[in-house]
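To keep things clear, I will list the structure first and then write my remarks on it.
Only the coordinates and a few stated rules stand behind these numbers; no lab work does. This is a predicted model, so every value here is computed, not measured. A quick note on method: Cβ atoms are made from the backbone with ideal geometry, for glycine too, and the neighbour counts reach across all protein chains shown.
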Amino acid sequence: MRAEVNWQPSLFDGSQFGAGEPRPDLEYAGLRRIELDADSWVDYCPGWLGGADALFAELAADARWQQRTVRMWERELPEPRLTAGWSVDREDGDLPVSLSALCTPLSQRYGVDFDRVWVNLYRDGSDSVAWHGDRNRHVMTRPVVATVSLGARRRFLLRKRGTTKALHELHPGEGDLVVMGGACQSDWEHTVPKTTKPVAPRMSVTIRHSQPAPGERRLQRT
Ligand SMILES: O=C(O)CCC(=O)C(=O)O
């Protein structure tokens, strides 16, 4: 399906992050690590991807967007965002060069083979993702999940699993990189909540690995 988005690249162009080809910052300048606890961490690198607008425009036009459903209160409901995905071992088509250009430097830095990319499109403030930990925690002990945010900033919250209070808040957008690691997917949860404020569209390019890191265990799927 086509993604109908009301998006104005000029909002972000003119800044250091705007126009041109996607350019990951191989120096990871400005990266800071948030130690969530002894086992879990989040790396936040503002403006990691130069040319984020160009990638937004490319994906908005070319990705095979899907309207997935979520099961809620015994009903299948439309997920409040659009998604498009690629992985090396499925019939999803080739990973676009612009996305593999993100996977390669991230794989080198984080020591895992990033081979799956899902892009989420939050069209406006009513699009969101509920509190969750990624399902890959069921097959790996310590999956690393990288997310590159394109377009508008949205709140990204983290809380300890089993609790209700958000303990950390980021506002990723405009090429920022967020990487979750350690036990973050099993011991913590994250969300992009809805907002009633007018917000422009945001995309999150989520980058995952299907094989455990060297020295990590593969778990039985539950
Ligand atoms: O959009 C984001 O930054 C988070 C996306 C996410 O958590 C997910 O798709 O599992």
Q: Rank these for me by crowding, Cys184, Cys45, going from fewest to most other beta carbons within 10 Å.
A: Cys45, Cys184
Q: Based on a Kirkwood Rh over C-alpha pairs, give the Stokes-Einstein translational diffusion coefficient of the chain at 25 °C and viscosity 0.890 mPa s in µm²/s.
A: 138 µm²/s
Q | Sequence of Glu216, Glu189 once ranked by neighbouring C-beta atoms within 10 Å, starting from the fewest | A | Glu216, Glu189
Q | Order of Thr196, Thr141 - criterion: other Cβ atoms within 10 Å of each residue's Cβ, fewest first | A | Thr196, Thr141
Q. Label points 7 Å out from Cα along the Cβ direction at Thr104 and Arg153: separation in nm?
A. 3.1 nm
Q. Gain in length, Arg161 to Ala29, computed as 0.36 nm per residue apart minus the alpha-carbon separation, to one decimal in nm?
A. 44.5 nm
Q: Springs between alpha-carbon atoms under 10 Å, Gaussian network over the chain: tell me which of Met203, Met72, Met180 tops the mean-square fluctuations.
A: Met72
Q: Assuming a ≥ b ≥ c are the square roots of the Cα gyration tensor eigenvalues, decide whether segment 106-185 counts as rounded (a/c under 1.5), prolate (otherwise, with a/b larger than b/c) or oblate.
A: oblate
